[in-house]
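Working notes, structure below.
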């Protein structure tokens with residue numbers, strides 16, 4: 001009896017194997033295009049920093065015979081510089097810029113494994129859906145050590161996926177691509193200059209023949225990116241490139257007071273306006289460090305004739321060549 005049952009059992013097992021479902025076939029496939037997130041030219045030596053937003057364009061098709069509803073997500077890849085929690089934009093040499101990408105415009109949630117991007121989709125049989133998933137970039141300020149130049153970063157193995165809970169991954173029956181996400185910024189070498197509202201002599205009573213000359217000083221502030229060389233020229237309103245100016249009275253008189261600009265408190269080195277981008281000339285040379293650098297301007301009157309008591313002024317143009 002046992003011999004007669006064996007063929008029956010084998011047939012049942014074989015039949016069971018024939019009834020098992022086969023491997024699932026993909027019914028949803030998606031593609032993605034991803035323009036580079038380009039911050040453009042930024043300034044990061046102040047507290048404001050820079051912000052921008054990027055997008056990932058998707059195209060999904062349902063080749064199945066039933067409607068599918070799911071959440072399409074984007075899992076960010078691995079940064080080529082820095083760490084997942086603190087990616088870096090790489091410049092020339094050792095230059096780096098901190099930055100990060102976010103899932104929301106308020107920069108509250110870093111775009112990472114715990115906060116993937118997502119969008120709900122419903123695809124009818126044979127249907128196609130296209131759209132855009134936005135993300136947001138932020139370069140924090142106060143990065144004064146950064147030098148001017150172009151900075152780049154990439155996130156390899158960024159992928160579209162199927163969102164389950166907070167996990168963005170693969171799913172049987174779905175085909176999702178992986179791609180490299182690129183980020184770019186340019187740190188400009190623009191310099192900023194500011195000066196006090198008035199230079200230099202204060203109240204001097206009057207300037208009379210045979211009396212000592214009057215001297216004074218004031219400061220200007222030059223802010224340039226780190227390692228950016230600059231040359232500062234000073235040009236009085238009379239156009240004298242040797243730094244010799246003429247102050248005019250503000251009253252009805254026609255008297256003038258002549259003066260000379262200097263680079264040092266000993267009044268031995270004049271400060272004029274022959275500086276260029278590559279040549280200091282009779283100007284003042286400096287190298288930026290990302291912070292405001294104070295430069296002191298000294299001046300002395302050179303008039304030797306009597307002048308009427310009045311308020312005498314002149315406007316000096318500050319030229320920063322970099």
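Just so it is clear, none of the values below were taken in a lab; they were calculated from the coordinates. Small disclaimer: the values here were computed from a predicted structure and weren't measured. Reconstructed Cβ throughout: ideal geometry from the backbone, glycine too, with neighbour counts over all protein chains shown.
Quick notes on this one:
- Coarse-grained scattering of region 192-321 at q = 0.12, 0.18 Å⁻¹, given as base-10 log I(q)/I(0) from a Debye sum over alpha-carbon atoms: -0.47, -0.94
- Applying 1/(1 + (r/R0)^6) with R0 = 51 Å to the Cβ-Cβ distance of residue 178 and residue 274 gives a FRET efficiency near 0.30.
- With R₀ set to 41 Å, the beta-carbon distance separating residue 86 from residue 219 gives a calculated FRET efficiency near 0.65.
- Förster-model FRET efficiency, 51 Å R0, residue 296 and residue 171, C-beta, rounded to 0.05: 0.15
- Helix-only mean residue ellipticity at 222 nm for the chain, each DSSP H run of n ≥ 4 adding -39500 (n - 2.57), per residue, nearest 500: -2000 deg cm²/dmol
- In range of the label at residue 33: residues from region 112-133 whose backbone nitrogen is under 17 Å from the point 7 Å along Cα→Cβ: 129-133
- Near-label residues of region 155-194 by backbone N, under 18 Å of a point 7 Å along Cα→Cβ of residue 122: 163
- Choice from 172, 140, 116 showing the highest fluctuation, given a GNM over the chain with Cα pairs closer than 10 Å: 172
- Sequence of 123, 181 once ranked by neighbouring C-beta atoms within 10 Å, starting from the fewest: 123, 181
- Hydrodynamic analysis of the chain uses the Kirkwood radius over alpha carbon pairs. Inserted into Stokes-Einstein at 20 °C and 1.002 mPa s, it gives a translational diffusion coefficient of 84 µm²/s.
- Region 75-224: proportion of alpha-carbon pairs further apart than 29 angstrom, %: 46
- Tail weight of P(r) past 20 Å, computed on alpha-carbon pairs of region 215-279, percent: 41
- Euclidean distance between Cα centres, region 257-322 to region 224-255, Å: 6
- Distance from region 126-150 to region 51-125 (C-alpha centre basis), Å: 10
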